[in-house]
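The values are calculated or read from the model by the stated rules, or taken from the named source; none is laboratory data. If you're wondering where the values come from, they're calculated on a predicted model, not measured in any experiment. Cβ placement follows ideal geometry from the backbone for every residue including glycine, while neighbour counts extend to all protein chains displayed.
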Amino acid sequence: MRSKKQPKKPLGERYAQVASDANAAHLARGDAFASAQALGYSQQELASVPHEAMEMGLGCGNPTALADLREGDVVLDLGSGGGLDVFLAARRVGAKGRVIGIDATPEMVEKARAFAAKGGYKNVEFRVGRMEQLPIADAAVDVIISNCVINHARDKAAVFKEAFRVLRAGGRMFISDLTLEGPPPQADSPGLEIWSDWLAAASGKQEYLRAMRAAGFQNISILAESPYSGPAVCKTLEGKIVSLHLKACK
Ligand SMILES: C[S@@+](CC[C@H](N)C(=O)[O-])C[C@H]1O[C@@H](n2cnc3c(N)ncnc32)[C@H](O)[C@@H]1O
């Protein structure tokens, strides 16, 4: 007899499926427009980007709303997914600026490139790559943004070291991300199956901030912090996941 339990897919495969299947993103977020507004995107912002990119938004905040982007800035988005934050940043930095999105899932990059072409964006670029080993030259960017991605990295020290390397002196970084607060739950607690990869990589707030400081970041500030809840958050994790919005400088 076959077991009813489906084997769990690796993270990359799951994001590839989300990228390839429009419904998967909807299922992950329910009403995309309302979810995006709840995360801090304004109606005006959402109306300004390709609709499909908005629907594929999988973030836990709106780092572009925190970022003091200036015309001409070169911006890098770590884990750009369908490109929602890249497209928002692109409007702010204008024709003289540039926004580069990096994502480890080729299917996500393909989608984001298609949305960029459809939206006629001339100042954006999407590259396949891992944030632990960025395909970007030293000191090449003015601003780094990232939305709900670094939490996936088991080696956060490597991510922040790379972010520091590619940021120019005086550059800024704006992150929306999730941390785990309190003792980690028992691995076999009900509802945790889909969170097991996340839990294996999750770190607490202090550990996260320590990794940023160790990489060399200065003036690290928590701009906002709130308990994270969503349809996928099971009882065991309720109140344990914290949504953090951070700024740091080089
Ligand atoms: C929760 S989604 C967020 C996507 C996007 N930032 C947004 O707000 O919609 C996480 C994204 O991070 C990407 N990702 C996961 N691990 C990564 C890594 N090590 N390097 C680069 N991208 C990664 C996934 O492919 C996925 O697109």
Problem set entry | Of the criteria (1) surrounded by fewer than 18 Cβ atoms within 10 Å (Cβ to Cβ); (2) over 17 Å from the mean Cα position of the chain (by Cα), which one ASN123 fails | (1)
Problem set entry | Per-region count, the stretch 164-204, residues of a type in the set (Lys, Arg) and under 21 Å from LEU223 (Cβ atoms) | 1
For this session: Kindly indicate the residue of the stretch 135-158 that is in contact (Cβ under 8 Å) with a residue 60 or more places away in the chain and not aliphatic (A, V, I, L, M) and also nearest to TRP195 (Cα to Cα) among those meeting that condition.
Result: HIS152
Problem set entry | Pairs where the first residue, in the stretch 11-23, is under 17 Å from TRP198 (Cβ atoms) and more than 8 Å from the ligand (Cβ to nearest atom) and the second is at pLDDT below 75 and part of a helix (DSSP H, G or I), C-beta under 6 Å, 6+ apart | GLN17/ALA24
Exercise. Out of (1) at pLDDT 95 or above; (2) over 30 Å from ARG70 (Cβ atoms); (3) surrounded by 14 or more Cβ atoms within 10 Å (Cβ to Cβ), the odd one out for PHE217 is which?
Worked result: (2)
For this session: Go through the stretch 27-48 and give me each residue that's at pLDDT 90 or above, crowded, with 16+ Cβ neighbours inside 10 Å and more than 11 Å from the ligand (Cβ to nearest atom).
Result: GLY40, GLU45, LEU46
Problem set entry | Residue identified as in a helix (DSSP H, G or I), more than 12 Å from the ligand (Cβ to nearest atom) and crowded, with 24+ Cβ neighbours inside 10 Å among ALA116, ALA90 | ALA90
Exercise. Among the residues of the stretch 162-183, is there at least one that is exposed (fewer than 15 other Cβ atoms within 10 Å of the Cβ) and free of Cβ contacts under 8 Å to residues at least 60 places away in the same chain?
Worked result: yes
Problem set entry | Unique residue being surrounded by 17 or more Cβ atoms within 10 Å (Cβ to Cβ), assigned to a loop (DSSP other than H, G, I, E, B) and more than 8 Å from the ligand (Cβ to nearest atom) when the list is GLY82, GLY57, GLY72, GLY61 | GLY61
Exercise. How many of the residues making up the stretch 93-111 are closer than 17 Å to ARG130 by Cβ, buried (at least 24 other Cβ atoms within 10 Å of the Cβ) and among the charged types (D, E, K, R)?
Worked result: 1
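Name the residue that is nearest to the ligand (Cβ to nearest atom), counting only residues in the stretch 96-113 that are within 22 Å of VAL18 (Cα to Cα) and among the basic types (Lys, Arg). Write out each step before concluding.
First, pick out the residues of the stretch 96-113 that are within 22 Å of VAL18 (Cα to Cα): 100-113.
Next cut, among the basic types (Lys, Arg) only: 111, 113.
Values: LYS111: 9, ARG113: 13 Å.
Among residues in the stretch 96-113 that are within 22 Å of VAL18 (Cα to Cα) and among the basic types (Lys, Arg), the one nearest to the ligand (Cβ to nearest atom) is LYS111.
Out of all the residues in the stretch 136-157, which are away from the ligand (no atom under 11 Å from the Cβ) and either surrounded by fewer than 22 Cβ atoms within 10 Å (Cβ to Cβ) or over 17 Å from ALA211 (Cα atoms) (or both)? Step through it out loud before you land on a result.
Restricting attention to the stretch 136-157, the residues satisfying the condition of being away from the ligand (no atom under 11 Å from the Cβ) are 136-144, 157.
If the condition is that a residue be away from the ligand (no atom under 11 Å from the Cβ) and either surrounded by fewer than 22 Cβ atoms within 10 Å (Cβ to Cβ) or over 17 Å from ALA211 (Cα atoms) (or both), then ILE136, ALA137, ASP138, ALA139, ALA140, VAL141, ASP142, VAL143, ALA157 are the ones that fit.
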